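The values are calculated or read from the model by the stated rules, or taken from the named source; none is laboratory data. Predicted model only: the values in this text are computed from it and were never measured. Quick reminder, even Gly has a Cβ in these numbers, built from the backbone with ideal geometry, and neighbours come from all protein chains shown. All accessible areas refer to the heavy atoms of the entire protein, side chains included, with ligands and DNA or RNA removed. Shrake-Rupley method; radii C 1.70, N 1.55, O 1.52, S 1.80 Å.
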There are 2 protein chains.
Amino acid sequence: MKRNIMLTLRYDGTDYHGWQMQENAITVQEVLTSAAERILSQKVTINGCSRTDSGVHANMFCCNFRTDSDTSSAVLLRGLNALLPDDVAVYDVKDTDMDFHARFDCKGKEYIYKIWNSKCKNPFLRDYALHYPYKLDAEKMNLQAKDFIGTHDFNAFCAAGSTVTDTVRTVHDCSVRRDGDLVTVSVKGDGFLYNMVRIMVGTLLYINSGKIEENSIPDIIKSRDRLRAGITAKAHGLYLNEVYY
Amino acid sequence: MKRNIMLTLRYDGTDYHGWQMQENAITVQEVLTSAAERILSQKVTINGCSRTDSGVHANMFCCNFRTDSDTSSAVLLRGLNALLPDDVAVYDVKDTDMDFHARFDCKGKEYIYKIWNSKCKNPFLRDYALHYPYKLDAEKMNLQAKDFIGTHDFNAFCAAGSTVTDTVRTVHDCSVRRDGDLVTVSVKGDGFLYNMVRIMVGTLLYINSGKIEENSIPDIIKSRDRLRAGITAKAHGLYLNEVYY
């Protein structure tokens with residue numbers, strides 16, 4: 001095992017049950033592993049920077065694996081893209097330090113969530129943005145979003161099934177901007193709990209519609225009560241956008 | 001037949017064999033007609049502004065039909081969007097003059113053609129833009145594109161199988177612009193021959209790569225010879241973008 005290779009990908013998660021391999025369901029890790037093993041003619045274990053949920057997309061996703069193969073990075077890049085299905089693309093392959101681990105060395109991530117805010121659905125975004133046909137005040141949502149920034153116990157923004165015990169995370173930035181009918185929520189942080197970004201977006205949408213009171217995010221955080229936060233916004237609007245090392 | 005109704009739609013053409021009804025293949029006209037007939041409980045004949053090819057998209061597509069139903073426009077709008085598949089959306093329904101015809105009264109159209117110009121494929125644009133992994137000089141293509149402007153016999157830019165006899169058309173504008181890795185060709189004209197925009201794009205790409213000499217578009221037009229123009233660029237990068245009345 002004399003090499004550690006880092007891959008950077010982009011994928012459309014629509015047809016995948018997330019990143020992580022599982023029985024009876026196709027995942028990005030599985031198609032990537034099978035392509036790499038075919039090229040290298042050996043078993044590999046690929047570490048992903050994050051588990052993404054079923055239907056969630058990635059504009060940038062990093063992973064690494066160790067190998068003793070001497071196949072060049074350029075050959076691996078071309079080979080992977082030739083073997084992978086069209087909804088997964090590798091855009092960088094490079095040798096990295098032997099002790100690098102895509103998940104444990106990750107310093108932070110940015111997620112974005114896309115909302116198509118128009119009475120009329122957008123056929124081109126049906127798998128790529130939440131359709132929200134009601135009035136949406138992006139400026140108000142942007143102001144409210146600032147209350148997420150900081151180091152907090154985000155237990156109220158963690159899916160009920162999660163087994164994580166330490167629910168303290170740091171959100172570095174959270175903003176909402178409008179570009180025509182497309183509204184994008186962006187969240188940067190050192191790490192995220194299960195469904196955290198989707199619950200944050202659901203909460204901002206509930207504040208927008210009046211189902212949750214304005215300025216109550218600090219109280220919801222303090223409560224640690226999942227039931228006080230908003231719904232979990234649908235997966236197909238969410239993108240892992242950047243990964244920081 | 002006391003009303004003439006105009007519909008404006010947007011559709012993702014990926015899964016359709018174009019607009020126009022045909023045997024043994026699903027088309028946008030067919031799904032739209034069947035939804036309208038279900039709502040109105042009567043047969044309708046929908047006139048489209050244009051035939052689009054298999055796989056071609058529409059950001060704007062206009063059509064009309066006559067009916068004696070008194071179903072309101074608002075009910076029709078909601079009903080159509082409820083019944084139509086997710087890749088077709090109606091965004092406007094209105095009563096118009098009895099003699100209006102979406103195709104014959106069309107004064108002009110704008111098509112756009114999207115090119116993803118990066119070594120790496122883009123999973124999100126696999127059905128929505130041509131992947132062109134080679135060097136592309138958008139400024140040069142933009143200058144060359146100006147030679148299409150004017151009233152010309154575009155026979156050299158018409159698919160061989162076409163039965164149209166008058167091949168004179170007026171191109172009002174043709175431009176190429178780059179936004180990061182996405183290059184968009186835009187063409188406005190009073191009307192277009194079969195595959196005309198796709199052959200224009202294929203020709204600009206051949207000039208870009210040196211397969212066709214720079215500044216030869218006027219000569220190719222003059223030749224009326226399809227064989228002197230470039231290839232027909234793939235359908236999935238093409239969008240009917242606007243329709244003028």
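With B:Gly161, B:Gly180 as the choices, which residue is over 24 Å from B:Val243 (Cβ atoms) and within 14 Å of chain A (Cβ to nearest Cβ)?
Checking each option against the conditions leaves just B:Gly180.
Answer with yes or no whether B:Phe65 is of a type in the set (Phe, Trp, Tyr), under 26 Å from B:His17 (Cβ atoms), within 14 Å of chain A (Cβ to nearest Cβ) and surrounded by 17 or more Cβ atoms within 10 Å (Cβ to Cβ).
Considered against the rule, which asks whether it is of a type in the set (Phe, Trp, Tyr), under 26 Å from B:His17 (Cβ atoms), within 14 Å of chain A (Cβ to nearest Cβ) and surrounded by 17 or more Cβ atoms within 10 Å (Cβ to Cβ), B:Phe65 comes out as no.
Being outside any helix (DSSP H, G or I) and under 30 Å from B:Val88 (Cα atoms) is the filter here, so list the residues in the range B:209-245 that pass it.
B:Ile231, B:Thr232, B:Ala233, B:Lys234, B:Leu238, B:Tyr239, B:Leu240, B:Asn241, B:Glu242, B:Val243, B:Tyr244, B:Tyr245
Considering only the range B:119-136, state which residues are more than 13 Å from chain A (Cβ to nearest Cβ) and open to solvent by 30 Å² or more (accessible area, probe 1.4 Å).
Selection gives B:Tyr134, B:Lys135.
Would you confirm whether any residue within the range A:148-159 is out of contact with any strand residue (DSSP E or B) (no Cβ under 8 Å at 6 or more places or on another chain), surrounded by fewer than 17 Cβ atoms within 10 Å (Cβ to Cβ), more than 30 Å from B:His57 (Cβ to Cβ) and touching a residue at least 24 places away in the same chain (Cβ under 8 Å)?
Yes: one or more hits.
Would you check if B:Ala233 is touching a strand residue (DSSP E or B) at 6+ places or on another chain (Cβ under 7 Å), assigned by TED's automatic domain parsing to the domain that holds B:Trp116, crowded, with 21+ Cβ neighbours inside 10 Å and more than 18 Å from B:Trp116 (Cα to Cα)?
Taking the combined requirement at face value, the residue does not satisfy it.
Please give the number of the condition A:Asn195 fails out of (1) within 21 Å of A:Thr14 (Cα to Cα); (2) open to solvent by 10 Å² or more (accessible area, probe 1.4 Å); (3) in contact with a Lys or Arg (Cβ under 8 Å, 6 or more places away or on another chain).
Condition not satisfied by A:Asn195: (3).
Yes/no matrix, rows are residues, columns are (1) open to solvent by 10 Å² or more (accessible area, probe 1.4 Å); (2) under 17 Å from the mean Cα position of the chain (by Cα); (3) aliphatic (A, V, I, L, M):
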residue: A:Ile39; (1), (2), (3): yes, no, yes
residue: A:Ile46; (1), (2), (3): no, no, yes
residue: A:Asp53; (1), (2), (3): yes, yes, no
residue: A:Ser69; (1), (2), (3): yes, no, no
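Restricting attention to the range B:1-34, and to residues there that are part of a strand (DSSP E or B) and under 14 Å from B:Gly55 (Cβ atoms), which single residue is most open to solvent (accessible area, probe 1.4 Å)?
Of everything passing the filter in the range B:1-34, B:Ala25 is most open to solvent (accessible area, probe 1.4 Å).
Any idea which of B:Asp53, B:Asp15 is away from chain A (no Cβ under 14 Å) and among the acidic types (Asp, Glu)?
Unique residue meeting the criteria: B:Asp53.
Any residue in the range B:85-109 that's more than 27 Å from A:Ser118 (Cα to Cα): show its pairings with residues that are hydroxyl-bearing (Ser, Thr, Tyr) at Cβ separation under 6 Å, as long as the two are six or more apart or on different chains.
Once the first residue is more than 27 Å from A:Ser118 (Cα to Cα) and sits in the range B:85-109, its partners that are hydroxyl-bearing (Ser, Thr, Tyr) give B:Asp105/B:Tyr245; B:Lys107/B:Tyr244; B:Lys107/B:Tyr245.
For the range A:55-67: of the residues being modelled with pLDDT of 95 or more and under 17 Å from the mean Cα position of the chain (by Cα), which is farthest from A:Gly79 (Cα to Cα)?
Only one residue tops the list, namely A:Val56.
When the range B:78-105 is examined, which residues are found to be open to solvent by 50 Å² or more (accessible area, probe 1.4 Å) and either aliphatic (A, V, I, L, M) or in contact with an Asp or Glu (Cβ under 6 Å, 6 or more places away or on another chain) (or both)?
If the condition is that a residue be open to solvent by 50 Å² or more (accessible area, probe 1.4 Å) and either aliphatic (A, V, I, L, M) or in contact with an Asp or Glu (Cβ under 6 Å, 6 or more places away or on another chain) (or both), then B:Ala82, B:Leu83, B:Met98 are the ones that fit.
Among the numbered criteria (1) modelled with pLDDT under 95; (2) open to solvent by 40 Å² or more (accessible area, probe 1.4 Å), which one does A:Val75 miss?
For A:Val75, the exception is condition (1).
Of the residues that make up the range B:167-181, is at least one over 19 Å from the mean Cα position of the chain (by Cα), open to solvent by 10 Å² or more (accessible area, probe 1.4 Å) and under 23 Å from B:Ala102 (Cβ atoms)?
So far as the range B:167-181 goes, no, none of its residues is over 19 Å from the mean Cα position of the chain (by Cα), open to solvent by 10 Å² or more (accessible area, probe 1.4 Å) and under 23 Å from B:Ala102 (Cβ atoms).
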